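Here, each number is a calculation from the coordinates, and none is a lab measurement. Since the model is a prediction, treat every value here as computed from it, not as a measurement. All Cβ positions, glycine included, derive from the backbone under ideal geometry; neighbour counts span all protein chains shown.
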C-alpha cells in the first residue's frame, strides 16, 4: 500500500517537473539565436526535456507494472485455490 502512495507522489512530481520545464518564462532562457549541432538551442532543449519526461514516465510505469503484477499474482492464486475447492464440492 505504501508503494502505491509513493508511485502516486512520483507521478505528481513528474507532472510538476514537466510543467516547470515547459512554462514560457523558463523557455525564454533557451530562446537565443545560438545553435548547437546546427539546431536552435530552444529546439534542442524542447526535445531533450520531452525525452527526459518520457524516460521518467516509463520508469514510473514500469514500477506500477511491477507492483501491479505482484497483486495480480496473489489474487489469481487465491482465486485458483477457491475454484479448486469449489470444484471438489460439486463432484461430491
> Which peptide among 25-33, 8-16 comes first, and what is the full order, when sorted by highest mean count of other Cβ atoms within 10 Å?
Replying inline: 8-16, 25-33
> On full extension of the chain, what length is gained from residue 26 through residue 59, given 0.36 nm per residue of separation minus the C-alpha to C-alpha distance?
Replying inline: 9.4 nm
